[in-house]
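Following: one structure in structure tokens, then a few remarks.
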Amino acid sequence: MPRGGTPPGAAEDELVGTTMKENTMRITRRTVLGASAAGAVSALALSACSKQGTGTGGAGGSGASDDGGAIDASKNQVNAKERSELGEGGVLRLTNNAFPANWNVMHTDGNVENTINIMEAVSPGMYSLNLYTPEGEIVLNESFAKRIELVSEDPQVMEIELNEGMKWSDGTPIDYKSIANTFNTLNGSNEEFQVASSEGFNKVEKVEPGANDLTAKITFKEKYADYKGLAAVMPDALVASPDAFNTSFVDGPMITAGPYKIENIDATNKTVSIVPDENWWGEKALFKQVIWTTIEEPDAVATAYQAGQLDSVEANVPAIYEPLKDSVGNGTSLLKAAAPSWTHITLNGAEGRPLADVKVRQAVALAISREDCFLSVNKAMPYPKDRKDQNNHILMTTQKGYKDNAGKFAKQDPDAAKKLLEEAGYTIEGEQAMKDGKQLEVTYVYNDGSKINEAVVAVVEENLKAVGIKLNVQKVPPTDLFSKYVIPGQFDLTLFGWNGNPFLSSGDAIWKSDGEQNFGKVGDPEVDKLVDAAAVELDEAKRIDLINQYDAKLWELAGTIPLWQAYDFYIQTDDLANLGANGMATIADWTKIGYVKGSKKLEG
């Protein structure tokens, strides 16, 4: 997750909807790749788009899955096993495509999928006190909490009660104060704290001690439907000051509380290793060691797996999938799930930028063939034949309440694009859109080495050239994409992914005019009102209707161009259990991940 970003939202470093999470943010998190929403692009994390190759697909269809049909959105494939079927020991070797820039997952630079994936093993409570099932159900993480309960509806009051005897790695207790730290820091009242998102937290009136020192009583100023999604804990030292919050986790998580602990962080060689934490109070971690190695080139990921150097890889791009697909069935499995993530292009509509005029943004949206973008990346991938276009910014095509709101933006229309440019004051002179003697130029910024971007940018360049727009391409270091370019607004177009979760309002900060994750600075007062109304609506049908209303307006604003919903494809050793294509189950329970009994991997 987050699946989204995915920049901050959880930046997954590239996936978010489709790929190897190279630029993915989880809603509230991004992936360095594409974007994705699970359950709604709520709680999104970024995911950056990975370095992939060319693709598969078709309008309403793409590469074929084994049976040619859709992958059930309520299912995931993780080689599910009971803990009793697993052995203790062994080393798990994983990879990601971007080394963490900040290990604080609540910071705008740390709310990235690659970082969250590691932090879920060493400090899951800092991300959430909940777990998500494949069906999108929200369940309590009983390793941390006894209950998350709504004790009053008017006013809305939530109580969070933690388990006894828990401590942070610095020896301080995990108690009421740890809960209050989360709410008081993330509510947006002090802008010096560079939080990934304050949505939901900014609707809280007060946080008070409950009946004991392990219970917090949270009173809301107004109703908030996704109240459970706010439950998390943070250590005192991390929130002691804005500087501590913003910088103390830059080189590594100084304080943790989870089944594993950090053994070593090697920023030079871009490796991270974790080992079981002897102070963990829950079920014992099963692996002797888990190692993540940052490998930016997808073909190098495939080579490493073939050489027996990795145990599980996200094969969401052809450069990884194609070399490895023939190994499936020979000690290797292909695991698949419809992901809560989607890939998109964000347009920068900030004042003074070339795309500040909504008509120009609409022209860009109509000029680009989303189908060709999808095919350029996914043509070789095993997508289902009945894949639908992602024509909603909030709800996935496989999600309850999904509605196609794209209207005229559903299909490429270069003639309409030219007309909009003329309405914006440009004249089409030959093959150039001109105003005041200058051709309209825009800059597409992406993480260097991203095969997904390399494929998509060629399509975008050709499409924009056909309507008179010159595209300049700027490649930047993967670790700098969000922190130095996307978040500061130094781009006109950029592609990454949003990774989501079951909380429908977790992505509100993307769509609101002043939202922390609205990197393109495109907003509208009416959209703001509808987003706020949906966030407080407790009736599910009415809430879905409000979401689809503002989604329709988002298409007209043309600040984000959805490209495709991602599907998770993992190739991994048969002996690895409870890890793989998680689908909606975006948070991994690291106390249940291990090798099956009898596996030779346990000897490693």
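Got a sec to turn the phi values of the stretch 466-472 into Karplus ³J(HN,Hα) couplings, 6.51 cos²θ - 1.76 cosθ + 1.60 with θ = phi - 60°, whole Hz, x for Gly and Pro?
Those phi angles translate into 5, 10, x, 9, 8, 9, 9 Hz.
Considering only C-alpha atoms, what is the centroid distance from the stretch 172-215 to the stretch 357-397, in Å?
Distance between centres, Cα-based: 38 Å.
With a 1.4 Å probe and all protein chains left in place, how much of the accessible area of the chain comes from carbon and sulfur atoms, in whole percent?
Details: 9390 of 20820 Å².
The value for the chain is 45 percent carbon and sulfur by accessible area.
Mind checking which lysines have their C-alpha under 18 Å from Lys542, skipping anything on the same chain fewer than 8 residues away?
Lys223, Lys400, Lys403, Lys529, Lys553
With the other protein chains left in place, how much accessible area per residue, in square angstrom, belongs to the chain at a 1.4 angstrom probe?
For the chain, the solvent-accessible area averages 34 Å² per residue.
Answer with one residue from Gly515, Gly594, Ile274: the one whose Cα lies farthest towards the positive end of the charge dipole of the chain, charges on Cβ with Lys, Arg +1 and Asp, Glu -1.
Among Gly515, Gly594, Ile274, the one farthest towards the positive end of the dipole of the chain is Gly594.
With charges set only on the Cβ (+1 for Lys and Arg, -1 for Asp and Glu), what does the dipole of the stretch 251-307 come to about its Cα centre, in debye to the nearest 20? Please list the in-between numbers first.
Values: 4 positive and 9 negative charges, 43 e Å.
It comes to approximately 200 debye.
What's the magnitude of the charge dipole for the stretch 340-566 around its Cα centre, counting Lys and Arg as +1 and Asp and Glu as -1 at the beta-carbon? Answer in Debye, nearest 20.
Result for the stretch 340-566 is approximately 460 debye, rounded to the nearest 20.
Taking θ = phi - 60°, what integer Hz values does the Karplus form 6.51 cos²θ - 1.76 cosθ + 1.60 yield along the stretch 255-261, in sequence order, with x for Gly and Pro?
9, 9, 6, x, x, 10, 10
Once you have the Kirkwood Rh of the chain from its Cα pairs, apply Stokes-Einstein at 10 °C and 1.306 mPa s and quote D in µm²/s.
Details: Rh = 23.2 Å.
For these conditions, the coefficient is 68 µm²/s.
Hey, got a sec? Which trypsin sites (Lys or Arg not before Pro) in the stretch 144-227 land in a DSSP loop and have at most 13 other Cβ atoms within 10 Å?
Working: sites: Lys146, Arg147, Lys167, Lys177, Lys203, Lys206, Lys217, Lys221, Lys223; in loops: Lys221, Lys223.
For trypsin sites (Lys or Arg not before Pro) across the stretch 144-227 that sit outside H, G, I, E and B with at most 13 neighbouring Cβ atoms in 10 Å, the list reads Lys221.
Do the alpha carbons of any pairs in Lys81/Lys336; Lys451/Lys521; Lys146/Lys592; Lys388/Lys411; Lys177/Lys288; Lys75/Lys411 sit beyond 24 Å of each other, and which pairs? Spell out each step's value before the answer.
Numbers: Lys81/Lys336 17 Å; Lys451/Lys521 27 Å; Lys146/Lys592 20 Å; Lys388/Lys411 13 Å; Lys177/Lys288 33 Å; Lys75/Lys411 30 Å.
Result: Lys451/Lys521; Lys177/Lys288; Lys75/Lys411 exceed 24 Å.
Given only helices, namely DSSP H runs of n ≥ 4 each adding -39500 (n - 2.57), what is the per-residue ellipticity at 222 nm of the chain, to the nearest 500 deg cm²/dmol?
Details: 12 runs with 121 residues, N = 604.
It comes out at -6000 deg cm²/dmol, rounded to the nearest 500.
Loop-only GluC sites (Glu not before Pro) in the stretch 257-330, please: DSSP not H, G, I, E or B, and at most 12 other Cβ atoms within 10 Å. List each step's numbers first, then the result.
On the way: sites: Glu263, Glu278, Glu283, Glu296, Glu314; in loops: Glu278, Glu283, Glu296.
Filter output for the stretch 257-330: Glu278.
When all C-alpha to C-alpha distances in the stretch 340-566 are sorted into bins of 5 Å, what percent of pairs does each bin hold, rounded to whole numbers?
Bins of 5 Å from zero give 1, 7, 14, 19, 20, 17, 12, 6, 2, 1, 0 percent of pairs.
Of Pro155, Gln306, Ile255, which is farthest along the charge dipole of the chain in the positive direction, counting Lys and Arg as +1 and Asp and Glu as -1 at C-beta?
Most positive-ward Cα: Gln306.
Have a look at Pro173, Gln194, Ser143 and report the one farthest towards the positive end of the charge dipole of the stretch 102-248, computed about the Cα centre with Cβ charges (Lys/Arg +1, Asp/Glu -1).
Looking along the dipole axis, the top candidate is Pro173.
The values are calculated or read from the model by the stated rules, or taken from the named source; none is laboratory data. Note that the structure is predicted; figures quoted are calculated from it, not measured. Reconstructed Cβ throughout: ideal geometry from the backbone, glycine too, with neighbour counts over all protein chains shown. Note: accessible area is taken over every heavy atom of the protein model, side chains too, but ligands, DNA and RNA are not part of it. Shrake-Rupley method; radii C 1.70, N 1.55, O 1.52, S 1.80 Å.
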